[in-house]
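Everything on this sheet refers to the single structure shown next.
The values are calculated or read from the model by the stated rules, or taken from the named source; none is laboratory data. For clarity, every value in this text was computed on a predicted model and none was experimentally measured. A quick note on method: Cβ atoms are made from the backbone with ideal geometry, for glycine too, and the neighbour counts reach across all protein chains shown. For accessibility, only protein heavy atoms count, side chains too; no ligands or nucleic acids. Shrake-Rupley method; radii C 1.70, N 1.55, O 1.52, S 1.80 Å.
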Amino acid sequence: TGTQPIANYIEDLQISLGYDRNNDGMLPEIGTSANDDEWVFNVAGESNAGEAPTNLRAVKVIIAGRTRLPDAGFAGLRPALLDRGAGAADGYRRRVKGARVRIRNFGN
(Lines give C-alpha, C1' and ligand atoms only; values in the text may rest on other atoms or scores of the structure.)
Protein backbone atom coordinates (compact mmCIF):
# COMPACT_ATOMS: atom_id res chain seq x y z
CA THR A 1 0.00 0.00 0.00
CA GLY A 2 1.01 3.62 -0.17
CA THR A 3 2.48 5.50 -3.08
CA GLN A 4 4.87 3.77 -5.45
CA PRO A 5 7.26 5.68 -7.73
CA ILE A 6 6.81 5.21 -11.46
CA ALA A 7 10.18 6.74 -12.35
CA ASN A 8 12.96 7.92 -10.08
CA TYR A 9 14.32 11.49 -10.04
CA ILE A 10 11.59 12.97 -12.23
CA GLU A 11 11.06 16.49 -10.88
CA ASP A 12 8.36 17.88 -13.08
CA LEU A 13 5.79 16.90 -15.69
CA GLN A 14 4.08 19.76 -17.51
CA ILE A 15 1.15 19.54 -19.91
CA SER A 16 -0.05 22.41 -22.08
CA LEU A 17 -3.11 22.39 -24.34
CA GLY A 18 -3.32 24.11 -27.73
CA TYR A 19 -6.73 25.52 -28.71
CA ASP A 20 -7.23 26.88 -32.23
CA ARG A 21 -9.61 29.64 -31.16
CA ASN A 22 -9.84 31.34 -34.56
CA ASN A 23 -9.81 28.14 -36.68
CA ASP A 24 -6.86 29.26 -38.81
CA GLY A 25 -4.96 25.98 -38.38
CA MET A 26 -2.15 27.73 -36.48
CA LEU A 27 -1.25 27.55 -32.79
CA PRO A 28 0.96 30.55 -32.10
CA GLU A 29 2.88 30.40 -28.85
CA ILE A 30 4.10 33.54 -27.16
CA GLY A 31 3.98 32.40 -23.53
CA THR A 32 5.20 35.54 -21.77
CA SER A 33 1.97 36.36 -19.92
CA ALA A 34 -1.33 34.64 -19.19
CA ASN A 35 -3.68 34.28 -22.17
CA ASP A 36 -1.30 35.88 -24.70
CA ASP A 37 -1.47 32.95 -27.12
CA GLU A 38 -3.54 29.92 -28.09
CA TRP A 39 -1.88 27.64 -25.51
CA VAL A 40 -3.26 27.06 -22.03
CA PHE A 41 -1.10 26.14 -19.01
CA ASN A 42 2.12 27.34 -20.65
CA VAL A 43 2.17 30.35 -18.30
CA ALA A 44 1.24 30.50 -14.61
CA GLY A 45 -2.29 31.64 -13.87
CA GLU A 46 -4.01 30.26 -16.95
CA SER A 47 -7.20 28.20 -16.99
CA ASN A 48 -9.01 26.37 -19.75
CA ALA A 49 -12.41 27.33 -18.32
CA GLY A 50 -14.54 28.52 -21.20
CA GLU A 51 -12.42 26.84 -23.89
CA ALA A 52 -14.45 24.96 -26.50
CA PRO A 53 -13.38 21.30 -26.45
CA THR A 54 -13.92 21.22 -30.23
CA ASN A 55 -11.04 23.73 -30.61
CA LEU A 56 -8.47 21.48 -28.91
CA ARG A 57 -5.79 20.69 -31.51
CA ALA A 58 -2.56 19.78 -29.76
CA VAL A 59 -0.98 18.74 -26.48
CA LYS A 60 2.53 19.57 -25.34
CA VAL A 61 4.17 17.33 -22.72
CA ILE A 62 7.45 18.26 -21.04
CA ILE A 63 9.27 16.17 -18.45
CA ALA A 64 12.29 17.12 -16.35
CA GLY A 65 14.57 14.70 -14.57
CA ARG A 66 17.67 15.14 -12.46
CA THR A 67 20.65 13.07 -11.42
CA ARG A 68 20.39 10.91 -8.32
CA LEU A 69 23.22 12.75 -6.55
CA PRO A 70 24.31 16.38 -6.74
CA ASP A 71 27.56 17.34 -8.45
CA ALA A 72 29.53 19.67 -6.16
CA GLY A 73 31.23 21.28 -9.16
CA PHE A 74 28.01 22.08 -11.04
CA ALA A 75 26.31 25.44 -10.58
CA GLY A 76 23.47 25.23 -13.14
CA LEU A 77 20.00 26.49 -12.22
CA ARG A 78 16.85 24.40 -12.13
CA PRO A 79 15.25 25.21 -15.51
CA ALA A 80 11.97 27.07 -15.97
CA LEU A 81 9.26 24.86 -17.47
CA LEU A 82 6.03 26.25 -18.89
CA ASP A 83 4.18 27.61 -15.85
CA ARG A 84 6.96 27.03 -13.29
CA GLY A 85 9.80 29.49 -12.94
CA ALA A 86 13.47 28.59 -12.69
CA GLY A 87 14.93 27.56 -9.36
CA ALA A 88 18.15 28.20 -7.55
CA ALA A 89 21.37 26.34 -8.26
CA ASP A 90 21.45 23.15 -6.21
CA GLY A 91 24.19 21.05 -7.82
CA TYR A 92 21.90 18.64 -9.69
CA ARG A 93 22.32 18.10 -13.42
CA ARG A 94 19.02 17.96 -15.28
CA ARG A 95 17.61 16.92 -18.63
CA VAL A 96 14.40 18.24 -20.12
CA LYS A 97 12.54 16.40 -22.88
CA GLY A 98 9.32 17.34 -24.55
CA ALA A 99 6.94 16.55 -27.35
CA ARG A 100 4.22 18.47 -29.13
CA VAL A 101 1.49 16.21 -30.46
CA ARG A 102 -1.22 17.31 -32.88
CA ILE A 103 -4.43 15.47 -32.14
CA ARG A 104 -5.61 13.50 -35.18
CA ASN A 105 -9.15 13.93 -36.45
CA PHE A 106 -9.64 17.19 -34.54
CA GLY A 107 -10.37 20.23 -36.65
CA ASN A 108 -8.06 21.10 -39.56
Margin query: Going 7 Å from the Cα of Asn105 along its beta-carbon direction, which residues of the stretch 48-74 have the amide nitrogen within less than 20 Å of the resulting point?
Written below: 53-60
Checklist line | Net +/- balance of residues flanking Arg95 in space, Cβ distance below 11 Å, scoring K and R +1, D and E -1 | finding: +3
Check: Give or take rounding to whole Å, what are the principal axis extents of the alpha carbon atoms in the chain, in descending order?
Finding: 50, 37, 21
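Tell me, what % of the accessible area of the chain is carbon and sulfur with a 1.4 angstrom probe?
Of the solvent-accessible surface of the chain, carbon and sulfur hold 55 percent.
What is the local net charge at Asn55, summed over the other residues whose Cβ is closer than 14 Å to its Cβ (Lys, Arg +1; Asp, Glu -1)?
Once all neighbours under 14 Å are counted, the net charge is -2.
Over the chain, with the other protein chains present, what is the accessible area per residue in square angstrom, probe 1.4 angstrom? Working shown, then result.
Working: 7030 Å² over 108 residues.
Result: 65 Å² of accessible area for each residue.
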Next item on the list: Please work out how much accessible surface Ile30 shows to a 1.4 Å probe, ignoring ligands, DNA and RNA, in Å² rounded to 10.
Entry: 100 Å²
Item checked: Shape parameters for the stretch 1-45, alpha-carbon atoms, Rg then Dmax in Å -> 15.5, 49
Margin query: Can you tell me which of Gly18, Gly85, Gly50 moves the most in a GNM of the chain? Springs connect C-alpha atoms under 10 Å apart.
Written below: Gly50
Check: Using alpha-carbon pairs under 8 Å, 6+ residues apart, how would you state the relative contact order of the stretch 6-54 in percent?
Finding: 29 percent
Check: So which residue, out of Arg78, Arg68, Arg93, gets the largest mean-square fluctuation from a GNM of the chain using Cα contacts under 10 Å as springs?
Finding: Arg68
Item checked: Choice from Leu13, Leu77, Leu69 with maximal GNM fluctuation in the chain (Cα, 10 Å cutoff) -> Leu69
